[in-house]
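The values are calculated or read from the model by the stated rules, or taken from the named source; none is laboratory data. On a predicted model such as this, the values are computed, not experimentally measured, just so you know. So basically every Cβ, Gly included, is an ideal-geometry build from the backbone, and we count neighbours across all protein chains shown. For accessibility, only protein heavy atoms count, side chains too; no ligands or nucleic acids. Shrake-Rupley method; radii C 1.70, N 1.55, O 1.52, S 1.80 Å.
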Amino acid sequence: EADIYQTPRYLVIGTGKKITLECSQTMGHDKMYWYQQDPGMELHLIHYSYGVNSTEKGDLSSESTVSRIRTEHFPLTLESARPSHTSQYLCASALGGGNTGELFFGEGSRLTVL
Amino acid sequence: GDSVTQMEGPVTLSEEACLTINCTYTATGYPSLFWYVQYPGEGLQLLLKATKADDKGSNKGFEATYRKETTSFHLEKGSVQVSDSAVYFCALSDRRNNNDMRFGAGTRLTVKP
């Protein structure tokens, strides 16, 4: 079983609020990722990190930001939430180096912005 | 760049029916191939994988064979159960792209009793 945790699992907030989605893993993985999953199921990579103090934007433009101050922690922040941010957010991690790249996923954070 | 194309859904089957979900890939190198499954309300979890041509991945009665000649990695199961109802994602990773995972669009499977 994967040791990667996301909180909160569900969040309903009003427009304009600042929110942070937490993601932590205890596997010592260098690589961490945030995906946004739309109702049509498709996964869109929005942020990734290859290690401490490394963060990059993914394929899908997002108004969110991330930080990687510790290996195990990769929080995602929205400064001012809008209804268009309503979605499921999935965090994942992987070993670095020459590994095949297998991803371990958290259970997801479902965000609803009213 | 690398990409994955998988069969569009949704797929609806009766219990004990045979399942095939098609997946083809495009890659310049020699990728590793994966199938992930997402049960309702959960994150994705690895179902099976194959790291080189002709390898067969298998798990929970599901199988997929890495076919380099047809650039395919079709998911098969001989007899599905209601508990197999989920979304299935085909994916690849390649060392040339830092082993970052590329996902297909997902195929929703519903198995009816």
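Among the residues of the stretch A:10-30, are any open to solvent by less than 30 Å² (accessible area, probe 1.4 Å), among the hydroxyl-bearing types (Ser, Thr, Tyr), in contact with a strand residue (DSSP E or B) (Cβ under 7 Å, 6 or more places away or on another chain) and within 14 Å of chain B (Cβ to nearest Cβ)?
no
Quickly run through the stretch A:18-44 and pick out the residues that are part of a strand (DSSP E or B) and among the small types (Gly, Ala, Ser). Explain how you work it out, then say what you get.
First pass over the stretch A:18-44, keeping only residues part of a strand (DSSP E or B): A:19-25, A:31-37, A:43-44.
The answer is A:Ser24, and nothing else.
When the residues of the stretch A:52-63 are narrowed to those that are away from chain B (no Cβ under 12 Å) and assigned to a strand (DSSP E or B), which ends up least open to solvent (accessible area, probe 1.4 Å)?
Ranking the candidates gives A:Thr55 first.
Here's a check for you: in the stretch A:64-107, which residue that is open to solvent by 20 Å² or more (accessible area, probe 1.4 Å), over 19 Å from A:Val12 (Cβ atoms) and charged (D, E, K, R) is farthest from the other protein chains (Cβ to nearest Cβ)?
Filtering first and then ranking leaves A:Arg70.
Which numbered condition trips up B:Pro113, out of (1) crowded, with 18+ Cβ neighbours inside 10 Å; (2) over 23 Å from A:Phe105 (Cα atoms)?
Looking at each condition in turn, B:Pro113 falls short on (1).
Would you mention how many residues in the stretch B:22-47 are within 13 Å of chain A (Cβ to nearest Cβ) and touching a residue at least 24 places away in the same chain (Cβ under 8 Å)?
15
I'm trying to understand the selection: among the residues of the stretch B:64-84, which are crowded, with 17+ Cβ neighbours inside 10 Å and more than 15 Å from B:Pro31 (Cβ to Cβ)?
Those that are crowded, with 17+ Cβ neighbours inside 10 Å and more than 15 Å from B:Pro31 (Cβ to Cβ): B:His74, B:Leu75, B:Lys77, B:Val80, B:Asp84.
Answer yes if at least one residue in the stretch B:39-46 is in contact with an Asp or Glu (Cβ under 7 Å, 6 or more places away or on another chain) and within 19 Å of A:His44 (Cβ to Cβ), and no otherwise. Before the answer, list the steps.
Filtering the stretch B:39-46 for residues in contact with an Asp or Glu (Cβ under 7 Å, 6 or more places away or on another chain) gives B:42-43, B:46.
Restricting the remaining residues to those that are within 19 Å of A:His44 (Cβ to Cβ) gives B:42-43.
Checked against the condition, which is being in contact with an Asp or Glu (Cβ under 7 Å, 6 or more places away or on another chain) and within 19 Å of A:His44 (Cβ to Cβ), the stretch B:39-46 yields at least one hit.
Name every residue in the stretch B:19-29 that is touching a Lys or Arg at 6+ places or on another chain (Cβ under 7 Å) and either modelled with pLDDT under 95 or in a loop (DSSP other than H, G, I, E, B) (or both), in order of residue number.
Answer for the stretch B:19-29, where residues must be touching a Lys or Arg at 6+ places or on another chain (Cβ under 7 Å) and either modelled with pLDDT under 95 or in a loop (DSSP other than H, G, I, E, B) (or both): B:Thr28, B:Gly29.
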